[in-house]
1. Between (i) 38, 20, 17; (ii) 24, 24, 17; (iii) 32, 21, 16, which matches semi-axes √(5λ) of the Cα gyration tensor in Å calculated for the structure shown?
2. Give me Arg3, Arg185, Arg123 sorted ascending by neighbouring Cβ count inside 10 Å, so fewest comes first.
3. For Ile9, enumerate residues with amide H under 5 Å from its amide H, sequence gap 5+ or separate chain, H modeled in the peptide plane.
4. For Val66, what residues show an amide H to amide H distance below 5 Å, using hydrogens built from the backbone and excluding near sequence neighbours?
5. Under 23 Å between alpha carbons: how many lysine pairs meet that in region 63-204, if sequence neighbours fewer than 8 apart on the same chain are excluded?
6. Which one of Val59, Gly216, Asn28 has its Cα pushed farthest toward the positive end of the charge dipole of the chain, where Lys and Arg give +1 and Asp and Glu give -1 at the Cβ?
7. Work out the length of the dipole vector of the chain about its Cα centre, built from +1 on the beta-carbon of each Lys and Arg and -1 on the beta-carbon of each Asp and Glu, and round it to the nearest 20 debye.
8. Within the chain, which DSSP H helices have Cα atoms that stretch 18 Å or more along the helix axis and a mean Kyte-Doolittle hydropathy of at least 0.5?
Amino acid sequence: MFRGKVAVITGGAKGIGKCIAEEFKKNNASVCIIDKQPNDYFTGDLAEEETLNLFAEKVGKEYGKVDYLINNALPLMKGISECSYEEFNYALRVGVTAPFYLTKLFLPYFSPDAAIVNISSSRDRMSQPQTESYTAAKGGIAALTHALAVSLGGKVRVNSISPGWIDTTYTEYAGADAIQHPAGRVGNPLDIANMVLFLCSSKASFITGENICIDGGMTKQMIYHNDFGWTLNKESIS
């Protein structure tokens, strides 16, 4: 399906990114990973401009083109009570600046049918307490998606995916953890990887600027105190 194609994946050494990389490889694509964790292509910190320059130069020299850019690297998650100025900016550099700058660096290399898929989060529209750095980065990349889709119109399709609860260990949950999802289960990395490959394929050639939430329906579930068994524990928020 993707024979001869080149897929660049940030944060591809583990979790969702690793699954995406494996699925591209299964479909005969060449995969270029950048991650802080050791991997077989490029190890480095996405928050550093020089690292991004070196990575893009390596991909350009070795392949001469980029068909798919998957911005998946995980930003730091800290809340307003503990997150420092430096930490907040670090989260934004990983989660928003790096995807923007890699897109800019790869502009001369994108093939005619190129696609970018940004991995956001359902936290781009909802939150838990003390998650500001992560949530801001994910909200930023969701907005960056439609901005790039317009700027790169006719050249590169740009979409984003907002995962909900994705268990990267493929644990099968029962009881409330599963039932609270309208889909009846917790997600796994293949739920995201399958959509990434679809958005990169010719079947999605008329889709750009979209954010697709894959969360088992959680963000569509209205919750009210004492409704359908949902009860607020006041002590937990005091």
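Bear in mind these aren't lab numbers, they're just calculated from the coordinates by the rules spelled out. Every value quoted in this text rests on a predicted model; they were computed, and no experiment measured them. Cβ coordinates were reconstructed from backbone atoms using ideal geometry, including for glycine residues, and neighbour counts include every protein chain displayed.
1. Comparing each candidate, only (iii) matches the computed number.
2. Details: Arg3 8, Arg185 16, Arg123 21.
Ordered by Cβ neighbours within 10 Å, fewest first: Arg3, Arg185, Arg123.
3. Placed amide hydrogens put Cys32, Ile33, Ile34, Ile70 under 5 Å from Ile9.
4. Residues meeting the amide H criterion: Phe110, Ser111.
5. Within region 63-204, the lysine pair count is 7.
6. Of the options given, the answer is Asn28.
7. Magnitude of the dipole: close to 720 debye.
8. 132-151
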